[in-house]
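In what follows, a structure is listed as structure tokens, so that the remarks can point back to it.
Here, each number is a calculation from the coordinates, and none is a lab measurement. As the structure is a computational prediction, the values presented were derived from the model and not from experiment. A quick note on method: Cβ atoms are made from the backbone with ideal geometry, for glycine too, and the neighbour counts reach across all protein chains shown.
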Amino acid sequence: MQAKIYDLHCHSTASDGVLSPTELLSRAAEKGVNVLALCDHDTVDGIAEARLAAKEKGIGLISGVEISTLWENRGIHIVGLGFDETHPKMTALLAQQAEVRYQRAVQIGEKLAQIGIENAFEGAKALACGEVTRAHYARYLVQIGKVSNDGQAFKRYLSQGKPAYVKAEWTDIPTAIETIHQAGGISVLAHPLRYTMTNRKIRQLIGDFAAWGGKAIEVAGCGQTMDQRQLLARWANECDLLASAGSDFHFPCAWLELGKSLFLPENVKPVWDALEIEL
Ligand code: AMP
Ligand code: MN
Ligand code: MN
Ligand code: MN
């Protein structure tokens with residue numbers, strides 16, 4: 001029997017994905033995904049629709065969210081899996097994060113206006129169905145011809161140290177972990193190798209995350225080398241953390257796909273053994 005395919009990190013139009021939750025579940029079914037977690041940035045607004053679509057497609061759905069946090073002045077993402085998305089502590093934290101996100105989006109628009117790019121907030125907002133993220137600003141900058149792709153928009157305007165960068169006062173890691181656990185879920189450190197930090201610093205982050213009660217880290221992602229996956233597996237075991245797998249899919253593209261090459265190394269404990277899967 002072929003192993004089940006779990007993809008426990010992806011995005012919909014509720015944040016910066018380009019597929020609606022229904023379209024996302026259709027694509028997941030086409031790609032042979034058996035269990036999916038929708039983890040939009042700081043919102044659970046897509047989950048109800050995803051749940052209905054998952055039932056129709058026979059896919060197991062796990063509630064999810066990707067919470068933005070600050071750790072030593074850096075943006076770190078904490079995924080929550082399998083929690084009650086109506087829990088008042090979760091709802092309150094996400095409402096606070098949405099306010100932070102909105103204020104920051106307005107300020108990014110002001111910074112762009114200062115360098116001659118007018119009405120960018122309105123432009124980015126028009127491209128968003130839900131939360132306005134920097135990805136929407138990047139798409140707007142491409143649309144008006146300021147840059148030729150999203151990566152360039154981050155490099156020239158939106159990344160830390162660039163003219164339209166605004167630091168957001170996100171919550172901290174212990175609060176994210178605690179809120180996810182209070183809502184009955186499992187906390188996961190997202191894509192540890194995607195932060196611009198040395199391996200030594202990443203290992204320190206994973207140690208802090210575990211010491212604060214964090215439960216899992218993402219070990220399998222799309223486009224990794226085997227060495228990277230093995231390193232993450234080793235760190236998971238050193239810190240007694242479960243291992244998760246997720247594509248971080250945002251839109252159809254050549255280099256990343258729902259459910260693609262998300263197998264876990266054999267020496268780790270899969271996070272899904274600790275999750276109840278809605279079927
Ligand atoms: P935000 O949560 O508003 O800070 O937006 C962050 C999102 O922007 C990430 O989740 C990615 O989807 C996207 N992003 C971040 N860096 C890049 C990059 N260099 N190129 C393309 N997209 C990026
Ligand atoms: Mn994103
Ligand atoms: Mn992320
Ligand atoms: Mn993500």
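Spin-label model, residue 95/residue 261: points 7 Å from Cα along the beta carbon direction are separated by 4.4 nm. Highest mean first, the peptides 238-246, 156-164 sorted by other C-beta atoms within 10 Å per residue fall in the order 238-246, 156-164.
Anything over 24 Å Cα to Cα? Flag those among 55/260; 57/260; 111/155; 55/125; 111/167; 89/215, in the order listed.
Pairs exceeding the cut-off: 55/125.
Angle of helix 21-30 to the longest C-alpha principal axis of the chain, folded into 0 to 90 degrees and rounded to 10: 50°.
Write down the percent of antiparallel bridges among all DSSP beta bridges whose residues are both part of the chain, to the nearest 5.
The antiparallel fraction comes to roughly 40 percent.
Shape descriptor for segment 89-159: Rg over Rh equals 1.02 (Cα atoms; Rh from the Kirkwood inverse mean 1/r). In Å, what Kirkwood hydrodynamic radius results for the chain from the alpha-carbon pair distances? One decimal place: 19.0 Å for the Kirkwood radius. One chain, two ends: residue 227 and residue 204. Fully extended at 0.36 nm per residue, the span grows by 6.4 nm beyond their Cα-Cα distance. Placing R0 at 22 angstrom, the Cβ-Cβ distance between residue 26 and residue 2 gives a FRET efficiency of 0.55 after rounding to 0.05.
As a test of the definition: which semi-axes, in Å, follow for segment 10-57 when you take the square root of five times each eigenvalue of its alpha carbon gyration tensor? Largest first, please.
Semi-axes from the Cα gyration tensor: 16, 11, 9 Å.
Inter-label distance, residue 142 to residue 113: 2.6 nm, where each label sits 7 Å from its Cα along the C-beta direction. Could you work out Rg/(2.2 N^0.38 Å) for segment 170-250, with Rg from alpha carbons only? That works out to 1.06 for segment 170-250.
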